[in-house]
């Protein structure tokens, strides 16, 4: 089975490029877009399971980033800051589509047709697509992107124990799917 690797938001950005972008330099901003667009898209796609929706989220993030970058204080690395913007925007899209509602039926979604990304093996992608959107978002944000249960609880407006429970059930479900255990693989997350 192919493993899922964390995104490349940790890749550094030249201080001069960041400074020029903060001053409104279009070429510097284009450089940032070229450096981070693919990793931003992959994060949104992993969470949404829908390529068109992921592309919309990324476009929206970079349009907003053009103004928001002026307020970047540098308290955290730029990539971590941008990753948070992408994750927040993707969660907003999930909420807008009401995909974070536990009653969502993944069979009604076009998520399964989005296909694998180069970073995600086909088998891993198919397993993730079996999860309801909220569970998939928790798995991706915690296991792939490295966010804590405290951060997830804040994002979802729920308790840390809820986040831990969703993750545990999701991983158990994925493990059951891998082992051919129909009962564990079909358990509601």
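Derivation of every value follows stated rules applied to the coordinates shown; laboratory data play no part. It should be emphasised that the depicted structure is a prediction, and the values quoted were computed from it without experimental measurement. Methodologically, a virtual Cβ is constructed for each residue, glycine included, from the backbone with ideal geometry; neighbour enumeration extends over all protein chains shown.
Tabulated data for the structure shown
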read-out	value
Simple spin-label estimate for residue 10 and residue 154 in nanometres, 7 Å along Cα-Cβ	2.1
Residue 164 versus residue 68: modelled label distance in nm, points set 7 Å from Cα along the beta carbon direction	3.0
Förster radius 35 Å - calculated FRET efficiency between residue 126 and residue 38 (Cβ-Cβ, nearest 0.05)	0.95
